[in-house]
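Notes for the one structure printed next.
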Amino acid sequence: MKRIFSIVFAVIALFTAYAIPVFIARAGADPVVTTLAPANHTAKTLYLRLTAYSSSPDETDYNPFYTANGTHVYDGVVASNFLPFGTKIMIPAIFGNKIFTVEDRMAKRFKHTIDIWMTSKAKALFFGVNYANVVVLGTSSPVIAEK
């Protein structure tokens, strides 16, 4: 009985200390977030449109293997117009605990979309368009995204 009580207590303590924020808007709309977590907890969850791209000239600019932030593309790069460069995100429903970093930008018409870099155009086409919860972990860069 003592063990069951301690397990239940631990679960309740974890939930109240680290509850993830809830996103209350449709993908593509301005994100509205209500926070259930403590003020010092920085993770936010947003329900967003997800697409994929590759380093093919018809999908990028004149230098397809470099991001808008000046880094060489690598597995884990994403493009976003509303998150600052250096922001770390996770997409648990599709990629588990893999952490992505915002290093690139998209065409200005894409407001609240995450574009995931893939190694080939075939993989990007196969990924297609998805919608999922994206956990925004925070940024390691002081740069602010342009509106």
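Quick one: which residues, 5 or more positions from Ser54 or on another chain, have an amide H under 5 Å from its amide H? H modelled 1.01 Å from N in the peptide plane, none for Pro or chain starts.
Amide H neighbours of Ser54, under 5 Å, 5+ apart: Met118.
Once the piece of chain linking Tyr62 and Lys121 is laid out straight, how much longer is it, given 0.36 nm per residue of separation minus the C-alpha distance between them? All intermediate terms of the calculation are to be shown ahead of the outcome.
On the way: separation 59, 0.36 × 59 = 21.24 nm, distance 1.67 nm.
Taking 0.36 nm per residue and subtracting the Cα distance, the gain is 19.6 nm.
Once you have a ≥ b ≥ c as the square roots of the Cα gyration tensor eigenvalues for the stretch 47-118, tell me rounded if a/c is under 1.5, and otherwise prolate or oblate according to whether a/b is larger than b/c. Could you put the intermediate results ahead of the total?
Numbers: a/c = 1.59, a/b = 1.37, b/c = 1.16.
Since a/c reaches 1.5 and a/b is larger than b/c, the shape of the stretch 47-118 is classed as prolate.
Of Ser56, Ser80, how do they rank once you tally other Cβ atoms within 10 Å and put the fewest first?
Numbers: Ser56 11, Ser80 25.
Going from sparsest to densest Cβ surroundings: Ser56, Ser80.
Amide H to amide H, which residues 5 or more places from Thr139 or on other chains are under 5 Å from it, using H placed in the peptide plane?
So Thr139 has HN proximity to Lys88.
Can you put Glu59, Glu103 in order of Cβ neighbours within 10 angstrom, beginning with the fewest? Can you show the working numbers first?
Numbers: Glu59 13, Glu103 24.
The fewest-first ordering by Cβ neighbours comes to Glu59, Glu103.
Please sort 125-132, 64-71 by packing, taking for each peptide the average over its residues of neighbouring beta carbons within 10 angstrom, highest first.
Packing order, densest peptide first, comes out as 64-71, 125-132.
For Ser54, Ser120, which order do you get if you count the other beta carbons within 10 Å of each Cβ and list the fewest first? Before the final figure, lay out the partial values.
Details: Ser54 19, Ser120 11.
Going from sparsest to densest Cβ surroundings: Ser120, Ser54.
What is the set of long-range amide H partners of Met106 at a cut-off below 5 Å, with H atoms built 1.01 Å from backbone N?
Placed amide hydrogens put Ser80, Asn81 under 5 Å from Met106.
Grab the beta carbon distance between Val135 and Arg109, set R0 = 35 Å, and tell me the FRET efficiency rounded to 0.05.
On the way: r = 25 Å, r/R0 = 0.72.
It comes to 0.90.
Since every read-out is calculated from the coordinates, none of them should be taken as a lab result. Since the model is a prediction, treat every value here as computed from it, not as a measurement. As a convention, Cβ positions derive from the backbone with ideal geometry for all residues, glycine included, and neighbour counts pool all protein chains shown.
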